[in-house]
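Q: Take a look at the following structure, please.
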Amino acid sequence: MGATMALCLGLCLILIPFGTSAQAGTAMSGDFAADTVSVARSLRETIAIPQDAEGQSEAKDEALLLINDYISRYRNRSQVNKTVSFTTMQTALNSMAGHYKTFANRPLSEALKDRLNNELTKAEAMVGSEK
């Protein structure tokens, strides 16, 4: 069951970019709240994929691209980069990207998975209350 879910997620991560129109080479819509929710959900799905699952490597690569797109889009926007939801999201994204880049062959530890899931969930919830 888990392997099937991982395979489906991997295929979605590969095929969805071909079916969507990207603006200026980014997957971000420009709507901070919607992008935060979308990125948080996508990254939580990536975290849930078992380390030995088929497509894990591609999921990590897609996650790194998504993290770069998100940070590049919103880091220099003063109307959002001072919000608690952005700083919480940035903390989670930096931790995840740092692990994937530094320890590419190591799985995320359970403690890091828990922390990332908590921060992503918190950022997703906060972005709705900051409107």
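Q: Would you confirm whether or not the range 48-58 contains a residue that is more than 12 Å from the chain's Cα centre (by Cα), of a type in the set (S, T, N, Q), surrounded by 14 or more Cβ atoms within 10 Å (Cβ to Cβ) and under 30 Å from Met1 (Cβ atoms)?
A: Yes - at least one qualifying residue is present in the range 48-58.
Condition check ((1) under 17 Å from Ala27 (Cα atoms); (2) in contact with an Asp or Glu (Cβ under 7 Å, 6 or more places away or on another chain)) across all residues:
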site: Glu58; (1), (2): yes, no
site: Ser85; (1), (2): no, yes
site: Ser95; (1), (2): no, no
site: Phe103; (1), (2): no, no
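Q: Could you tell me which numbered condition Leu108 fails, if it satisfies all but one of (1) in a loop (DSSP other than H, G, I, E, B); (2) closer than 20 Å to Met126 by Cα?
A: Evaluating Leu108 over (1) in a loop (DSSP other than H, G, I, E, B); (2) closer than 20 Å to Met126 by Cα leaves (2) as the failure.
Q: Quick one: in the range 78-92, which of the residues that are more than 11 Å from Ala33 (Cβ to Cβ) and among the small types (Gly, Ala, Ser) is farthest from the chain's Cα centre (by Cα)?
A: It comes out as Ser78.
Q: Quickly run through the range 80-94 and pick out the residues that are in contact (Cβ under 8 Å) with a residue 24 or more places away in the chain and either of a type in the set (S, T, N, Q) or closer than 21 Å to Lys113 by Cβ (or both).
A: Thr83, Ser85, Thr88, Met89, Thr91, Ala92, Leu93, listed by residue number.
Q: Taking the condition surrounded by 12 or more Cβ atoms within 10 Å (Cβ to Cβ) and at pLDDT 95 or above, does Asn81 pass?
A: no
Q: Just to be sure before I move on: is Leu65 of a type outside the set (Val, Ile, Thr), within 20 Å of Val127 (Cα to Cα) and under 10 Å from the mean Cα position of the chain (by Cα) in the structure I sent?
A: So Leu65 does not fit the description; no.
Q: Now for a separate question. What number of residues in the range 30-72 are modelled with pLDDT of 90 or more and polar (S, T, N, Q)?
A: 6
The values are calculated or read from the model by the stated rules, or taken from the named source; none is laboratory data. Everything numeric here is computed off the predicted structure, so don't read it as measured data. For neighbour counting, all protein chains shown are included, and Cβ atoms are generated from backbone atoms with ideal geometry for every residue, glycine included.
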